[in-house]
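A quick write-up on the structure given underneath.
None of the figures in this text is laboratory data; all of them are computed from the coordinates on show. Only a predicted model underlies this, so the values are computations on that prediction, with no experimental measurement involved. No Cβ is skipped: glycine too gets one built from the backbone with ideal geometry, and neighbour counts run over all protein chains shown.
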Amino acid sequence: MSPTARDDTRAIERNSFRSFLAALQERGEVARIHRAMDPAGFELSACLSALDPGPALIFTSTGASGIPVVGNLLSTVDRIALGLGVARSALTTRIAQAIAAPLAVSVVERGPVQEVEMPPELGLLPVPRFFEHETGPYITAGCIVAQDRVTGHRNLSYARLKPLGGDRALIGIAPNHHLAVMARAAAARGERLPIAITLGNHPAVLLAAALYLKLGDDEMEVAGALLGEPVATVRCRTSELQVPAGAEIVIEGEIDVSETVEEGPVSEYHGMYERYGAGYVVTVRAITRRRDAMLQVVEPGFHQEHVLLGAVSIAAGLQSSLKAIIPATGNVAVSGSGCGRLSAVVTLTGEQRPGDARKAILATLSAINLIKQVTVVDEDVDPWDEFAVQWAIATRMRAERDIVVVPGMRTDRSEPMKLGGTIAKYGYDATRRAQDRDDWTRALPPRSAFERVAAIVASIKGGQRSIR
């Protein structure tokens, strides 16, 4: 092996799904389930749901494939921050910086994701059934790579994939998503759109795929910026698409928009079912994987990994857009209790000007169709701490003055309470006003006392129960 090949291998493994899984293992945040489980029998899903947002779960005995199933990987904000190597308070800022300074991918000759080539049959993978009223199993953690042949625009995104038997699958994509736009553009040229569904990716890739960027912005390059080095990619076997070399499994195929299949009820992030009608058909051309591959899944519906992958990515993009019009914008969160799509929290720094809170509410409601509730807080409130946000509402807001309601605003098809494509949206200004109280000082021990006991607190949080 040449020195360059050795360097490639180190970079690939350093930025892989399994490197992050190993980090969670060291922290005691992984549980292995060795009992035999049939992926079609809902038990995997039941474990992931019942233990949400607990440890990452590895199911080691999932049938004839011998491929373990892994889920609940990024089910807390702290784990997502760990995956990017930043403090929780710096999470959205780090993603916003990466969006502004993407890194082009590097192409390597070979990678572990192509060590084994399987027949193009999705039934050979241990794809779980998740929910009682869905009509089949779903691939839920696939980061889908596509590229427009004419413009050269590359897209990395999510879409659910339901195996239909053999080499066929249904792909569910919202009509306005860039993947659907690219598939329709290919069809207008009389072509099918090549895609590659990549499974088992580093958190940087998983988050980048959930970003709301402009068509033509390259999420794979943002993932490189999050890693601090280019994503190492290999070319697919059946197309010119480039996929992360360190992924676990890649499914290569083509979207044919001329053939559709009715989907039936499907779960959404709000925890209920939607009926979106027909989805496009994907024909699988090849499946490649690592020799010891693992199949990553994301428990869909109202479960924290599914919710937070969208929430953190939306918050980062929102922070960037708000900062451009309200310089006092600080950290931004999209809450888990708001399904990771419907409720945002915006912090304002001490540099805020009169009217900034109301401006932040209206700008947020306009920027993201799905967000229908906004709370604006001061910078001493952690926007990801929902208890702290509710405390700010309870202690800093006057309802008659600080609630903003905007009826009839546009929303998306997945909004659970939409009526004719619109919904009333609202915001809370939970920032301090000088005229409301003479003294806003928090009742707490002095900072020096916290510093003296920091080691004790850290030990107890780490599981130690006897401190001398």
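Summary table below
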{"item": "Rh by Kirkwood over Cα pairs, then Stokes-Einstein D for the range 305-430 at 0.692 mPa s and 37 °C, µm²/s", "result": "229 µm²/s"}
{"item": "Cα-projected label distance for residue 275 with residue 260, points at 7 Å along beta-carbon direction, nm", "result": "1.5 nm"}
{"item": "FRET efficiency, residue 449 to residue 124 (Cβ-Cβ, R0 45 Å, nearest 0.05)", "result": "0.15"}
{"item": "Order by protection proxy (mean Cβ within 10 Å, highest first), peptides 248-257, 180-189, 412-421, 164-173", "result": "248-257, 164-173, 180-189, 412-421"}
{"item": "Rounded to the nearest 20 debye, dipole of the range 169-328 from Cβ charges on Lys, Arg, Asp, Glu", "result": "240 debye"}
{"item": "Inter-label distance, nm, simple model (7 Å from Cα along the C-beta direction), residue 400/residue 468", "result": "6.3 nm"}
{"item": "Per residue Cα convex hull volume in Å³ - calculated over the chain", "result": "170 Å³"}
{"item": "Dipole-positive endmost among 332, 187, 408 within the chain (Cβ charges, Cα centre)", "result": "332"}
{"item": "Extreme residue, positive dipole direction of the chain, given options 119, 355, 227 (C-beta unit charges)", "result": "355"}
{"item": "Rounded to the nearest 20 debye, dipole of the range 112-233 from Cβ charges on Lys, Arg, Asp, Glu", "result": "440 debye"}
{"item": "Spin-label model distance (nm) - residue 38 vs residue 115, 7 Å beyond Cα toward Cβ", "result": "3.1 nm"}
{"item": "The range 64-151, relative contact order in percent, only Cα pairs under 8 angstrom and at least six apart counted", "result": "23 percent"}
{"item": "Square roots of five times the Cα gyration tensor eigenvalues for the range 55-200, Å", "result": "26, 25, 17"}
